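Written out below as structure tokens is the structure these notes cover.
The values are calculated or read from the model by the stated rules, or taken from the named source; none is laboratory data. Not measured: the values here are computed from a predicted model. Every residue, glycine among them, receives a Cβ derived from its backbone with ideal geometry; neighbour counts consider all protein chains shown. Surface areas here come from the heavy atoms of the whole protein model, side chains and all, with no ligands, DNA or RNA. Shrake-Rupley method; radii C 1.70, N 1.55, O 1.52, S 1.80 Å.
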Amino acid sequence: MAVPRNALRKWEKVRDWALRLPGAVEEHPWGDTVAKVDRKVFVFLGVDDGSHPLGVTVKLTDETAHAHALASPGAEPAGYGLGKAGWVHVPLEPAGAPAAELLCDWVEESYRTVATKRRAAELDARAAERAGR
């Protein structure tokens, strides 16, 4: 199955953003790509080999962001009971799928939900440094 170019570009942007966050590492449990901080997953990226539709799964505890993500075409609470804890799976391929920038915002929220306060403070310091330039 061919991977739609637009969806792959979004996936790559989201992956790159996730891996630039403080302490983020990429791992491949179960054959999927995930980004972790301090051994905790903050975004499931699935696979990019065309064997499954591209999508991302993030933990959104902000009610507005959670509802917005679930309103995306094909979005649904994550499986394996993760949906009960705020995890949402958002497909990247359907028409009307969220833009990469919005997906990156959701990845950052998921990171902040999972990361330690120290890591979140590192992220805030980076943002403040960039704003001060």
message: With a 1.4 Å probe and all protein chains left in place, how much of the accessible area of the chain comes from carbon and sulfur atoms, in whole percent?
response: 53 percent
field: Residue-normalised accessible area of segment 1-109, given per residue in Å² at a 1.4 Å probe
entry: 53 Å²
Percent RCO, i.e. relative contact order, over segment 2-60, from Cα pairs under 8 Å lying at least 6 residues apart: 28 percent
message: Test of the criteria: in segment 57-133, which chymotrypsin sites (Phe, Trp or Tyr not before Pro) are in a DSSP loop and have at most 16 other Cβ atoms within 10 angstrom of their Cβ?
response: 80
statement: Close lysine pairs (the chain; alpha-carbon distance under 14 Å; 8 or more apart or on separate chains) counted at 4
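Which whole-number percentage describes the relative contact order of the chain, with Cα contacts under 8 Å and a sequence gap of 6 or more? Show your work: numbers first, answer last.
Details: 210 pairs, mean separation 33.4, N = 133.
About 25 percent, as a whole number.
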statement: Dividing the helical contributions, -39500 (n - 2.57) per DSSP H run of n ≥ 4, by the residues of the chain yields a 222 nm value, nearest 500 deg cm²/dmol, of -13500 deg cm²/dmol
- request: Using R₀ = 41 Å, calculate the FRET efficiency as 1/(1 + (r/R₀)^6) where r is the Cβ-Cβ separation of residue 9 and residue 116; round to 0.05.
  value: 0.85
- prompt: What per residue convex hull volume, in Å³, comes out for the chain when only alpha-carbon positions are used?
  reply: 113 Å³
